[in-house]
Amino acid sequence: VEAVENQIRDNDPPETRITLDRLMTLGESRENAMKYIVCALLVEAFDILKNQTPFNEERYLTNLKNLPELPFDS
């Protein structure tokens with residue numbers, strides 16, 4: 001959650017804040033919206049650790065756009 005809070009604070013990437021606002025507009029609490037965003041970030045962290053690959057920002061941004069559909073549900 002701290003990493004997502006940092007992204008929002010730093011506006012990097014701006015899509016994180018946009019996604020938080022969008023999810024809250026859809027009726028999610030801030031807490032639940034943050035959990036959704038953390039799920040999208042964890043997909044990237046898992047891939048980095050498992051496959052020793054660099055952070056895939058394009059996939060992360062796509063997963064943010066698709067929330068509240070979870071990345072591992074698609």
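The values are calculated or read from the model by the stated rules, or taken from the named source; none is laboratory data. The shown structure was predicted, so the numbers you read here are calculated from the model rather than taken from an experiment. For neighbour counting, all protein chains shown are included, and Cβ atoms are generated from backbone atoms with ideal geometry for every residue, glycine included. Ligands, DNA and RNA are excluded from the accessible area calculation, which covers all protein heavy atoms including side chains. Shrake-Rupley method; radii C 1.70, N 1.55, O 1.52, S 1.80 Å.
Probe of 1.4 angstrom, ligands and nucleic acids ignored: what's the accessible area per residue over the chain, in square angstrom?
Value returned for the chain: 65 Å² of accessible area per residue.
Considering only protein heavy atoms, what is the solvent-accessible area of Ile48 at a probe of 1.4 Å, reported in Å² to the nearest 10?
60 Å²
Leaving ligands, DNA and RNA out of it, rank Leu20, Leu70 by accessible area with a 1.4 Å probe, largest first.
Leu70, Leu20
Under a Cβ-Cβ cut-off of 14 Å, what is the net charge of the residues other than Ile48 that fall near it, where Lys and Arg count +1 and Asp and Glu count -1?
So the surrounding residues net to -1.
Given points 7 Å out from each Cα along the Cα-Cβ axis, report the Lys65 to Asn11 separation in nanometres with one decimal.
It is 2.1 nm.
Any idea how far the Cα center of region 2-30 sits from the one of region 38-74, in Å?
Region 2-30 and region 38-74 have Cα centres spaced 15 Å from each other.
At a probe radius of 1.4 Å, what is the per-residue accessible area of Glu57, in Å² to the nearest 10?
That residue has around 90 Å² of solvent-accessible surface.
Ignoring ligands, DNA and RNA, please state the percent of accessible area on the chain from carbon and sulfur, probe 1.4 Å.
53 percent
Given contacts defined as C-alpha pairs under 8 Å and at least six residues apart, what's the relative contact order of the chain, whole-number percent?
Relative contact order for the chain comes out at 31 percent.
Which of the trypsin sites (Lys or Arg not before Pro) across region 31-74 are loop residues per DSSP, with 14 or fewer other Cβ within 10 Å?
Of the trypsin sites (Lys or Arg not before Pro), not one in the loops of region 31-74 has a Cβ with at most 14 other Cβ atoms within 10 Å.
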